[in-house]
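The values are calculated or read from the model by the stated rules, or taken from the named source; none is laboratory data. This structure is a prediction, so every number in the text was calculated from the model and none was measured. Quick reminder, even Gly has a Cβ in these numbers, built from the backbone with ideal geometry, and neighbours come from all protein chains shown. Please note that ligands, DNA and RNA were not included when accessible areas were found on the heavy atoms of the full protein model with its side chains. Shrake-Rupley method; radii C 1.70, N 1.55, O 1.52, S 1.80 Å.
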Amino acid sequence: MESWDLLLEIIILLLGCLLAGSLMAWLKQSPLVGYLMAGMVLGGPGSLGIVKGEEHIESIAELGVALLLFSLGLEFSWKRVVGFGKTTLLSGAAQVIVTLLLGAAVCRLFGLTTARSLAIGAIICLSSTAAVLRVLIDRGEMDSQAGRNSLAILLVQDMAVVPLAIFIPLLSEGGEPAAIAARVFGIALAATVVIGGLYFLMNYVAVRALQSAAFGRNRELTVLLSVIVGLGATWAAHAANLSPALGAFVAGMFLGNSKFAVQIRADVASLRIVLLTLFFGAVGLIADPVWMLNNLPTVLSVAVIIMIGKATILLILLRLFGKSRGVSLSTGLCLCQVGEFAFVLGSEARTGNIVSESQYSLIVSAAVVTLMVTP
């Protein structure tokens, strides 16, 4: 594809995302749903076929995911985590594990392989930080008990993205204990080297550079350093055969503990928004709206099962951890959808041939339905 043709298709996709996202916002929906629908209409199978360079666009959009994880790392601090309370954080960890295992168990009942079942369980166990935060802000419930519970559990889920992104490729090893053990050892060794290198670069190079007079006078240098750090860490993790999410998250976490975290977060926000919009549009390019309509009963059934299952799991867990029935139910309803990171994990599972194209289409379609129902 010619570079100018690709640029035109990116512009068309972003324009479609802008229009569809604005429509969804007007309808009190998450703009993410609009981005997905724009991709479904403009490109991919069963669509208008206007956008045809989905492979090239998806490669660019993956950088948006890296910056999302980098920004997430900037938000991460032990002080903020501890402030939510031990019981709420434990309930968040329990929710991820229980939902993953129960989701896998249900898939096994339908005859799927163990690896495929575990991958689907990992994909559906996460909720949407973007959609839930929008609802809580619109309703003025950020500081309510249910709002604080939701935020704490979302934070735990966001932190769980990194180990889950490492876990899913392990499932492609075929289940052989020796192969999995060797892969785990290789990951641990490579992760130690990458994290050690990032720690040195972040604390002894990047932070000192940010403290220099040149960076103080030139805001654009800070922007460039932030992008280089985020994308460079992503490349380093990929080069070490690790999840790129790990490198981006760790780099952000190290910089997040410096006094420049707020400034860096603001600097990368605009670029992250553009690339993330491309990512969700690219996910929509993969989905098939005709397939979705032809299999609508299955899509709706899966969406309902996921939402009822996740809400029930959270209701039971929070009750066990001493929360009131009303707060537990409210939190469960807040977090019963499938989140944006499911598309990231689903892409990895599809790339590793852990889930089939039809199963990936079903996951994407059901996720879109749960995001639309959330408000």
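Checking the structure you have, find out if any residue of the stretch 356-370 is touching a residue at least 12 places away in the same chain (Cβ under 8 Å), in a helix (DSSP H, G or I), among the acidic types (Asp, Glu) and at negative phi.
The answer is no; no qualifying residue exists.
Look at SER301 and say whether it is outside any helix (DSSP H, G or I), more than 23 Å from the chain's Cα centre (by Cα) and surrounded by fewer than 20 Cβ atoms within 10 Å (Cβ to Cβ).
Details: outside any helix (DSSP H, G or I): no; more than 23 Å from the chain's Cα centre (by Cα): yes; surrounded by fewer than 20 Cβ atoms within 10 Å (Cβ to Cβ): yes.
Criteria not met by SER301.
Restricting the search to the stretch 150-172, which residues are of a type in the set (Ser, Thr, Tyr) and surrounded by fewer than 21 Cβ atoms within 10 Å (Cβ to Cβ)? Walk me through it before giving the result.
Narrowing the stretch 150-172 to residues of a type in the set (Ser, Thr, Tyr): 150, 172.
The answer is SER172, and nothing else.
For the stretch 265-298, how many residues are over 22 Å from VAL344 (Cβ atoms) and under 21 Å from the mean Cα position of the chain (by Cα)? Steps first, please.
Initially, the stretch 265-298 is screened for residues over 22 Å from VAL344 (Cβ atoms), giving 266-267, 290, 293-298.
Applying the additional criterion that residues be under 21 Å from the mean Cα position of the chain (by Cα) yields 266-267.
The number of residues fulfilling the criteria is 2.
Take the residues of the stretch 305-333 that are in contact with a helix residue (DSSP H, G or I) (Cβ under 9 Å, 6 or more places away or on another chain), open to solvent by 80 Å² or more (accessible area, probe 1.4 Å) and among the hydrophobic types (A, V, I, L, M, F, W, C): which is nearest to SER361 (Cα to Cα)?
So the first thing to find is which residues in the stretch 305-333 are in contact with a helix residue (DSSP H, G or I) (Cβ under 9 Å, 6 or more places away or on another chain), and the list is 305-307, 309-333.
The next check asks that each one be open to solvent by 80 Å² or more (accessible area, probe 1.4 Å); those that pass are 305, 316, 319-320, 325, 329, 333.
Checking which are among the hydrophobic types (A, V, I, L, M, F, W, C) leaves us with 305, 316, 320, 329, 333.
Numbers: ILE305: 17, ILE316: 30, LEU320: 35, LEU329: 30, LEU333: 24 Å.
Per the criteria, the residue is ILE305.
Among the residues of the stretch 232-260, count how many are closer than 28 Å to GLN211 by Cα, of a type outside the set (Ser, Thr, Tyr) and surrounded by fewer than 19 Cβ atoms within 10 Å (Cβ to Cβ). Talk me through it step by step, then tell me what you get.
Of the stretch 232-260, the ones closer than 28 Å to GLN211 by Cα are 232-237, 244-260.
From what's left, of a type outside the set (Ser, Thr, Tyr): 232-233, 235-237, 244-257, 259-260.
Cutting the leftovers down to surrounded by fewer than 19 Cβ atoms within 10 Å (Cβ to Cβ) gives us 232, 235, 257, 259.
Here the count works out to 4.
Tell me, which helices (runs of 4 or more DSSP H) lie completely within the stretch 1-115 with 2 or more residues that are modelled with pLDDT under 75? It would help to see each step written out before you state the result.
Values: elements: 3-26, 31-42, 54-75, 78-83, 86-109.
Correct list: 54-75, 78-83.
For the structure I just gave you, tell me whether ALA282 is small (Gly, Ala, Ser), open to solvent by 20 Å² or more (accessible area, probe 1.4 Å) and under 30 Å from ILE50 (Cβ atoms).
Values: small (Gly, Ala, Ser): yes; open to solvent by 20 Å² or more (accessible area, probe 1.4 Å): no; under 30 Å from ILE50 (Cβ atoms): yes.
No: the conditions fail for ALA282.
Scan the stretch 126-143 for residues that are in contact (Cβ under 8 Å) with a residue 40 or more places away in the chain and either open to solvent by less than 20 Å² (accessible area, probe 1.4 Å) or more than 20 Å from ASP158 (Cβ to Cβ) (or both) and report the count.
So in the stretch 126-143, the residues in contact (Cβ under 8 Å) with a residue 40 or more places away in the chain come out as 126-132, 134-136, 138.
Okay, now just the ones that are also either open to solvent by less than 20 Å² (accessible area, probe 1.4 Å) or more than 20 Å from ASP158 (Cβ to Cβ) (or both), so 126-128, 131-132, 136, 138.
Adding up the residues that qualify gives 7.
From the list GLY147, GLY197, GLY186, GLY175, which one is over 26 Å from VAL373 (Cβ atoms), open to solvent by less than 60 Å² (accessible area, probe 1.4 Å) and at pLDDT 80 or above? Even if it seems obvious, please write down each step before you answer.
On the way: GLY147 fails: over 26 Å from VAL373 (Cβ atoms); GLY186 fails: at pLDDT 80 or above; GLY175 fails: at pLDDT 80 or above.
Result: GLY197 is the single residue among GLY147, GLY197, GLY186, GLY175 that is over 26 Å from VAL373 (Cβ atoms), open to solvent by less than 60 Å² (accessible area, probe 1.4 Å) and at pLDDT 80 or above.
Just one of (1) open to solvent by 10 Å² or more (accessible area, probe 1.4 Å); (2) on the phi < 0 side of the Ramachandran plot; (3) under 21 Å from the mean Cα position of the chain (by Cα) trips up ASN353, so point out which.
(2)
So which pairs qualify, if the first residue must be in the stretch 92-108 and in contact (Cβ under 8 Å) with a residue 12 or more places away in the chain, the second must be outside any helix (DSSP H, G or I) and buried (at least 20 other Cβ atoms within 10 Å of the Cβ), the Cβ gap must be under 7 Å, and the two must be at least 6 apart or on different chains?
That search, which allows pairs on different chains as well, returns VAL96/CYS125; THR99/CYS125; LEU100/CYS125; GLY103/CYS125.
Where residues in the stretch 304-324 are outside any helix (DSSP H, G or I) and small (Gly, Ala, Ser), which of them is nearest to LEU102 (Cα to Cα)? Can you show your working first?
Looking only at the stretch 304-324, we keep the residues that are outside any helix (DSSP H, G or I), and these are 321-324.
From what is left, the residues that are small (Gly, Ala, Ser) are 322, 324.
Numbers: GLY322: 22, SER324: 24 Å.
The selected residue is GLY322.
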